[in-house]
Amino acid sequence: MRKQRLIRALKDLVILVILTLPTTLPALEITSVSPSRVSPGESVRVSGGPFTRGTQVVLGNQVIEPAGLSERSLIFTVPALEEGEYSLQVQDEGETSPQTFVLGITAADPWIDSLSPANIDSCVPLGDKEVTVQGRHFQPGATLLLDGKTIVSSQSGSETISFTPPHLSSGVYGIQVANPNGGRSIPHSLYVNDIPEINNVYTGEEFVNYYQLVIEGKNFFFNSTLLINEYPVGVSDRPPEQRVIRSQSATSDPNKLPSPSQSDNVRFVDCGTLIYNRYPYSTQPKPVSLKIINPDGKTSSTWDLSIP
């Protein structure tokens, strides 16, 4: 009986000793960091642990709260830091991981979010052609490239660059931002359209035997052609009389231009204006349609009006 009591007392003593011993948790550690080189704003995964809700990342001298974590991994976002090498550790309630990893921070490449406008016309008034490039990570002194060639631009901060495109034929062009450190953005598309368009036609100056029709629009060329269809008044079964007049630049040799007394003629003023000098044989208005044809065959929509 005494032996059994002694055995029971020993068991109780062992249990008491075990219960009073301090609980030892696994040491906080880092086993890997991925990736090892990043740019500000990117995410980094740290493996190791054990991580808790109180775990923080220490990058250089900055303390960062994880964006997400589990017991054995966490993810954090790199803050705005200068380029360089930064020590990386984790800490939790006063305990700091003994391992020190090095995280390389590189400057982010420039990025273009949008062009405004992204579609421009080949021939419009100069003031209407400015294009704004919106993006991020544009360093001071960044340059703008059009199909790989530097063009004149104006920078406003780290997110905006504006430029006026040179004269461009129709097509798609790549716009890039190049930072002084060599980083380049992915090309962003600029679309150039050269289809002629008539926006307005009105009567200009009037003379003794002719008057002027001012044709306003866009994408007119110095050698664009005016197609005129005139429909006879009161006759429905006759086809329209069709005439084709090639425009002449106002700076062309006057000796090569038709005499005002000879025939109708079209004068090119600028990309958005043509003047049609019309010599009517009657003052009675009749249906007329106008269409602009460019040298490459692209045509405008028809503009209908009633004129003498």
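Number of residues in segment 211-241 that are at pLDDT 90 or above and more than 41 Å from the chain's Cα centre (by Cα): the value is 4.
Quick check on my filter: what residues within segment 53-76 are open to solvent by less than 60 Å² (accessible area, probe 1.4 Å) and assigned to a loop (DSSP other than H, G, I, E, B)?
Narrowing segment 53-76 to residues open to solvent by less than 60 Å² (accessible area, probe 1.4 Å): 54-60, 64, 66, 68, 70, 73-76.
Those that are open to solvent by less than 60 Å² (accessible area, probe 1.4 Å) and assigned to a loop (DSSP other than H, G, I, E, B): Gly54, Thr55, Gly60, Pro66, Ser70.
Within segment 38-52, take every residue that is β-branched (Val, Ile, Thr) and assigned to a strand (DSSP E or B) and give me the one that is farthest from Arg136 (Cα to Cα).
Filtering segment 38-52 for residues β-branched (Val, Ile, Thr) gives 38, 44, 46, 52.
Now narrow it down to the ones that are assigned to a strand (DSSP E or B): 38, 44, 46.
On the way: Val38: 16, Val44: 21, Val46: 27 Å.
So the residue we want is Val46.
Among what's in segment 222-246 and is part of a loop (DSSP other than H, G, I, E, B) and among the polar types (S, T, N, Q), pick the residue that is least open to solvent (accessible area, probe 1.4 Å).
Ser224
Of the listed requirements (1) out of contact with any Phe, Trp or Tyr (no Cβ under 8 Å at 6 or more places or on another chain); (2) closer than 30 Å to Asn223 by Cβ, Asp147 misses just one: (1).
So, Glu93, is that one open to solvent by 80 Å² or more (accessible area, probe 1.4 Å) and within 27 Å of the chain's Cα centre (by Cα) or not? Steps first, answer last, please.
Working: open to solvent by 80 Å² or more (accessible area, probe 1.4 Å): yes; within 27 Å of the chain's Cα centre (by Cα): no.
So Glu93 fails the test.
Filter the strands (runs of 3 or more DSSP E) completely within segment 77-189 down to those with at least 1 residues that are under 30 Å from Gln56 (Cα atoms).
84-92, 101-105, 131-136
Within segment 171-218, track down each residue that is more than 30 Å from Val288 (Cβ to Cβ) and open to solvent by less than 20 Å² (accessible area, probe 1.4 Å). Reasoning before the result, please.
Step one: filter segment 171-218 for residues more than 30 Å from Val288 (Cβ to Cβ), giving 171-192.
Hits for segment 171-218 are Gly174, Ile175, Val177, Ala178, Asn179, Gly183, Ser185, Leu190, Val192.
Does Phe101 qualify as being under 25 Å from Ser32 (Cβ atoms) and surrounded by 14 or more Cβ atoms within 10 Å (Cβ to Cβ)?
Numbers: under 25 Å from Ser32 (Cβ atoms): yes; surrounded by 14 or more Cβ atoms within 10 Å (Cβ to Cβ): yes.
Yes, satisfied.
Scanning segment 104-156 for residues that are of a type in the set (Phe, Trp, Tyr) and open to solvent by less than 50 Å² (accessible area, probe 1.4 Å) gives a single hit, Phe138.
The values are calculated or read from the model by the stated rules, or taken from the named source; none is laboratory data. As the structure is a computational prediction, the values presented were derived from the model and not from experiment. Using ideal geometry, Cβ is built from the backbone for each residue, glycine included, and neighbour counts are taken over all protein chains shown. Each accessible area value is taken on the protein alone, full model and side chains, heavy atoms only, with ligands, DNA and RNA left out. Shrake-Rupley method; radii C 1.70, N 1.55, O 1.52, S 1.80 Å.
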